[in-house]
Structures are given as C-alpha cells and as structure tokens.
Amino acid sequence: MLVEMTIRGLMIDPITSMPIVVLREPGGDRMLPIWVGVFEANAIALQIENVQTPRPMTHDLLRSVIENLRGAVARVVVCDLRENTFYASIHLDTPAGRVLVDSRPSDAIALALRAGAPIFVEDHVIEAPEVPTEESSPRSADVERLQRWLEGLSDEDLGKYKM
C-alpha cells in the first residue's frame, strides 16, 4: 500500500553528521528518515527554500528533459529497503504510457519537488523493523534514541539545516 508523504524537514544527523530528509505522513504520526549525500541534500534544500540558481542544476535539467519529451513526473515512490539501502522509482507519464525509472530516493525527491509531483512510500518501508545501520546512518543501538529524537523535533529544529 502506498502512503503519501511530505517533507517534514531536512537536517543533519547528530550522530554521523550526514544529511537526513525526514518524510512524514500528513495528518499522521509516521515519519521516515532517509540519509542522503551532501550534494543531494543541497539540491533538495535549494528547492525547499525556492533558491534560484543562475544555471540549471542536475534535477532541473532532468525535469526539463522529461517535459521537452512531452512527459511528466506523475509521482515518486520510495519502494523498498534492502540491506540498509532505500530504493525509489520515478513514475513518468509519457506519450507511450507510464514508465518507471529506478532511482535513489534523494534524486527522486529532488525531482518531485521541482516537478510538483507527490512523494509516496510503500507501507512496508515505513514499517521496517529498523532504519539503515551502515556507516552513513546510526548504529542499531542508537536507532530507538534517534527515533525518539526525530519525533520530538519542532519545526524550528528542522529549519536549522545549513549548507
């Protein structure tokens, strides 16, 4: 089952100093933190803050290519979590029909923001027993503490992300 999510915030993980995109179910309590790279976080932050760049960024270019080929981003879906790695797909509506493109969640989210497309997460990904535990994310012993910390964040805390 797909659950529509919105971006609750973009922040730095206090444990690893890596950027996190925090997705949240509108009107619900479920959240999903996704660790992303610095460059991808920058692309997302620029769009969240409506910062115009003098030249197109990679995700702007991708949106432009899709539109010039008479396509549209219908939605993006964070569709799986395997071996501590999130997977996503970009759903494109094209003259030839619906096309699914494999993507990293960070790139899919950055594109969705630029295209005005909704972000969905498969229910089983939200309900996964624990968030990733590899080097770019917290150790499993810290997962519960991080979850409590995320749930307690205010909107002001989530606005502190600086590039």
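Each reported figure results from applying straightforward, stated rules to the coordinates on display, with no laboratory input. Please read all numbers here as calculations on a predicted model, not as lab measurements. For neighbour counting, all protein chains shown are included, and Cβ atoms are generated from backbone atoms with ideal geometry for every residue, glycine included.
In terms of surrounding Cβ atoms within a 10 Å radius of their Cβ, Ile66, Ile7 rank from fewest to most as Ile7, Ile66. Sorting Leu100, Leu62 from the fewest to the most surrounding beta carbons within 10 angstrom yields Leu100, Leu62. Just in segment 45-129: which GluC sites (Glu not before Pro) are loop by DSSP and have at most 15 other Cβ atoms within 10 Å? Sites meeting the loop and neighbour criteria: Glu49, Glu83, Glu127. Look at Ser89, Ser64 and count the other Cβ atoms within 10 Å of each Cβ; fewest to most, that gives Ser64, Ser89. Its alpha carbons give segment 2-150 an Rg and a Dmax of 15.4, 49 Å. Here the peptides 23-33, 72-82 are ranked by packing, the mean other Cβ count within 10 Å, and the order with the highest first is 72-82, 23-33.
All other residues whose Cβ lies under 13 angstrom from that of Met5 are scored, Lys and Arg at +1 and Asp and Glu at -1, for a net of -1.
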